[in-house]
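I have placed the structure first, in the form of structure tokens, so that the comments after it can refer back to it.
Since every read-out is calculated from the coordinates, none of them should be taken as a lab result. None of these values were measured; they are calculated from a predicted model. Because the Cβ atoms are built from the backbone with ideal geometry, glycine has one as well, and the counts that use them run over all protein chains shown.
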Amino acid sequence: MFTGLVERVGELIERKPTSGGFRLRIGSALAPELQPGDSLAVNGVCLTVILAERDEIHADVGPETVRVTTLGTMERGTIVNLERPLRADQRFGGHFVQGHVDAIGHVEELRQEAEFHWLTVSFPPALAALIVHKGSIAVDGISLTVAGLGGDRFDIMVVPFTMQHTNLGRIKVRDRVNLECDMVGKYVVRAAELAGLTLSGSRPGEVTH
């Protein structure tokens, strides 16, 4: 279980093909604090540490993870968000993040308001019922609040600290991002489906604040 509060960023040093997947080699100062077998969220994807030594972390990405996340297409030099799992004796910030990506989103727009930044991210239709206005969503593993919502896109406002300490400081229009919807919302939607309720949303492209 993660919180969506990024601890460090790392840099992808190598993405080596394996049988059906890849092995990632990531440079980060977090490496000395990890052991083989530890869980680590990389851009919001829960991976298992295979090797951690000096300033490098090695982790495998399987075929399903390649299919549903951005990890299989990252280029060398890509900056990634890193977070270790929540400890039982820690304060809880952010929101419940499992590291199980629901879909890939696309950055549609970037704009600045004073020292803050707005991002508009589009998402596939299957996620429409899982995203709520003022609710939480993880974007590349970062816990963020949905500030505006349409049928196929949402707005988030990013504070300067987050821009400076995560990969959002380098994000560009048309970039792909990993999306994980709020876990509680998923159970609510599933319960509604089993009860035979019909869910509806805003028209595609319409963002409401």
Legend entry - Stretchable slack from R76 to R176, in nm (0.36 nm times residue separation minus alpha-carbon distance): 34.4 nm
Inset, instruction - Within segment 1-92, report the chymotrypsin sites (Phe, Trp or Tyr not before Pro) that DSSP leaves as loop and that have at most 13 other Cβ atoms within 10 Å. - result: F92
Inset, instruction - Pick out which of T145, T73, T162 has the largest mean-square fluctuation in a Gaussian network model of the chain, springs linking Cα atoms closer than 10 Å. - result: T73
Legend entry - Förster radius 22 Å - calculated FRET efficiency between T18 and D38, Cβ distance, rounded to 0.05: 0.65
Inset, instruction - Might you report the magnitude of the Cβ-based charge dipole of segment 103-194 about its Cα centre, with Lys and Arg at +1 and Asp and Glu at -1, to the nearest 20 debye? - result: 120
Legend entry - Eligible lysines near K186 by straight Cα distance, threshold 18 Å, same-chain separation 8 or greater: K134
Legend entry - Estimated distance in nm for a label pair at E115 and R84, the labels positioned 7 Å out from Cα along Cα-to-Cβ: 3.0
Inset, instruction - Would you work out if segment 1-122 is rounded, prolate or oblate? Take a ≥ b ≥ c from the square roots of the eigenvalues of the alpha-carbon gyration tensor; rounded if a/c is under 1.5, else prolate when a/b is larger than b/c, oblate otherwise. - result: oblate
Inset, instruction - Any chance you could give the angle, 0 to 90 degrees and rounded to 10, that helix 183-194 forms with the longest Cα principal axis of the chain? - result: 50
Legend entry - Residues whose placed amide H lies under 5 Å from that of F116, excluding near-sequence neighbours: none
Inset, instruction - Mind running the shape call on segment 103-194? Use the C-alpha gyration tensor, a ≥ b ≥ c as the square roots of the eigenvalues: rounded below 1.5 for a/c, prolate if a/b tops b/c, oblate otherwise. - result: prolate
Inset, instruction - Rounding to the nearest 20 debye, state how big the charge dipole of segment 8-83 is about its Cα centre with +1 on each Lys and Arg Cβ and -1 on each Asp and Glu Cβ. - result: 240
Inset, instruction - Compute the length gained on full extension between V189 and E64: take 0.36 nm times their separation in residues and subtract their Cα-Cα distance, giving the result in nm to one decimal. - result: 42.6 nm
Inset, instruction - Go through [x] 16.4, 47; [y] 17.9, 60; [z] 17.1, 54 and flag the label whose value is the computed Rg and Dmax of the Cα atoms in Å for this structure. - result: [z]
Legend entry - Charge-dipole axis of segment 55-114 as Lys and Arg at +1 and Asp and Glu at -1 on Cβ define it, positive-most pick from V68, L110, L86: L86
Legend entry - Point-to-point label distance, E11-T48, nm (Cα→Cβ direction, 7 Å offset): 3.0
Legend entry - Cα-centre dipole for the chain with unit charges at Cβ (Lys and Arg positive, Asp and Glu negative), debye to 20: 220
Inset, instruction - With a point put 7 Å past each Cα toward its Cβ, work out how far E108 is from E56 in nm, to one decimal. - result: 4.2
Legend entry - Once exposed loop trypsin sites (Lys or Arg not before Pro) are cut out (DSSP; at most 11 other Cβ, 10 Å), longest piece of the chain: 1-53
